[in-house]
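The values are calculated or read from the model by the stated rules, or taken from the named source; none is laboratory data. This is a predicted model, so every value here is computed, not measured. Every residue, glycine among them, receives a Cβ derived from its backbone with ideal geometry; neighbour counts consider all protein chains shown. Ligands, DNA and RNA are excluded from the accessible area calculation, which covers all protein heavy atoms including side chains. Shrake-Rupley method; radii C 1.70, N 1.55, O 1.52, S 1.80 Å.
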Amino acid sequence: MGRNLKPDTVLKEYWGNNERFADFFNAVLFGGREVIKAEQLQERDTEESNVLELGDRQESITAARDLFRVLKTAMGVEFALVGIENQDKVHYAMPIRVMNLDAYAYDRQWKRLKQKYKDEKEMTEDEYLSHMRKEDRFLPVVTVVIYYGEKAWDGAKDLHGVLDIPDEIKPFVGNYPMHLVEVVDNKLRFRNADNRDLFQLLNLVYNASLDKKERLKKAQEYEVSHTVDEDVVRALAATNHIKIEKTSRKERIKVCTLFEEIAKDSRDEGRTEANIETAKRMLKGGKLSVEEIAEYSNLSEEIVLELQKQKDLQLV
């Protein structure tokens, strides 16, 4: 059908719409009640760069989020930070990744306080030591992982799930939950039509109780009764690794055409274990770029980038 759309890029564009972003968090946090409004959202830098002090040396660490927003009241007062992480494959270290991203966001807030009070004289000894006043408070950070994969998430959903903890000390080891939404298994209530279409059509794509012809028929019926936005179709194509041509708004891509492509099982092309092992060996060598590894291993660049993330986490 054309060129391959990178899932990460397309999904960032989709959720970059504040109406959809607000509706998603209302569904996840408040059962669909319209608590967060689109006009309250303000884009925040998705890259968290921190310098960690390790003994007598410092180490710089950069972590990039998929999407990050700050919530503001009508008076412009910030009261929360919310972020989305898009995932189309099970990531067994995801609780660690989310915990790190949230920790970086808190640490960044603390660094702003340190800078604010850099030359402050009227502070108590404890406040000076802490680089913050006793009454100072940080903004809460909420991160939600959206998993678009076909198979059920079989990885851990909290920190304890990736730790080997003896029962005797488990009560003393702090846990950290990961908020996960699986598109094939959720009961979220959306108000936004695009979000409803995206999740309903993704559920139809992965409905194992229907054969491909039945799915195509239902997709045709859905398209007749709904006006599906082009962004929704692109998100569907990207999450299923379907190549589509970038068209003008007048040249709409039909949902049923997309389902015909999905029925060809093209999303699994070139994603064998052998290809992945080849890419891992190339990444370990550290001499080739992501683009070169993708070409040699016959994998998409987003898969190679995900393998690189996993390798980097293992080195932390």
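Each residue in the range 165-194 was checked for being open to solvent by less than 80 Å² (accessible area, probe 1.4 Å), over 30 Å from Asp231 (Cα atoms) and aromatic (Phe, Trp, Tyr), and 1 pass.
Across the range 140-183, which residue is farthest from Glu78 (Cα to Cα) among those that are part of a loop (DSSP other than H, G, I, E, B) and in contact with a Lys or Arg (Cβ under 7 Å, 6 or more places away or on another chain)? Give the steps one after another, and end with the answer.
Initial filter on the range 140-183 (part of a loop (DSSP other than H, G, I, E, B)): 140, 148-157, 163-169, 173-176, 178, 183.
Restricting the remaining residues to those that are in contact with a Lys or Arg (Cβ under 7 Å, 6 or more places away or on another chain) gives 149, 178.
Details: Gly149: 34, Met178: 23 Å.
Top of the filtered list is Gly149.
For the range 41-100, the strands (runs of 3 or more DSSP E) that sit wholly inside it and include 2 or more residues that are at pLDDT 85 or above are 41-43, 67-72, 78-87.
Candidates in the range 280-291 are the residues that are in a helix (DSSP H, G or I) and modelled with pLDDT under 85; of these, the one that is surrounded by the most Cβ atoms within 10 Å (Cβ to Cβ) is Arg281.
Glu127 meets all of the listed conditions (1) more than 20 Å from Gln308 (Cα to Cα); (2) modelled with pLDDT under 90 but one, namely (2). Count of the range 184-195 residues, restricted to those that are part of a helix (DSSP H, G or I) and under 17 Å from the mean Cα position of the chain (by Cα), is 1.
In this entry, Asp102 passes the filter for residues that are under 21 Å from Asn175 (Cβ atoms), open to solvent by less than 20 Å² (accessible area, probe 1.4 Å) and among the charged types (D, E, K, R).
Return the residue satisfying two criteria in turn: it lies in the range 208-218 and is closer than 26 Å to Val90 by Cβ and outside any loop (DSSP other than H, G, I, E, B), and of such residues it is modelled with the lowest pLDDT. If you could, list the steps in order and put the result at the bottom.
If we filter the range 208-218 for residues that are closer than 26 Å to Val90 by Cβ, which is where we start, we get 208-212, 215.
Now drop any that are not outside any loop (DSSP other than H, G, I, E, B), which leaves 212, 215.
Working: Lys212: 76, Arg215: 82.
By that ranking, first place goes to Lys212.
Annotation: of all residues in the range 23-40 being closer than 22 Å to Asp231 by Cα and free of Cβ contacts under 8 Å to residues at least 24 places away in the same chain, the one that is surrounded by the fewest Cβ atoms within 10 Å (Cβ to Cβ) is Glu39. Considering the range 101-118, and only residues there that are among the basic types (Lys, Arg) and modelled with pLDDT under 90, the residue that is farthest from Val82 (Cα to Cα) turns out to be Lys118.
Within the span defined as the range 119-139, every residue fails to be in contact (Cβ under 8 Å) with a residue 12 or more places away in the chain, assigned to a helix (DSSP H, G or I) and either hydroxyl-bearing (Ser, Thr, Tyr) or buried (at least 18 other Cβ atoms within 10 Å of the Cβ) (or both).
Of these, Val162, Val205, which one is open to solvent by less than 30 Å² (accessible area, probe 1.4 Å) and either at pLDDT below 90 or over 29 Å from Leu41 (Cβ atoms) (or both)?
Working: Val162 fails: open to solvent by less than 30 Å² (accessible area, probe 1.4 Å).
Only one candidate passes the filter, namely Val205.
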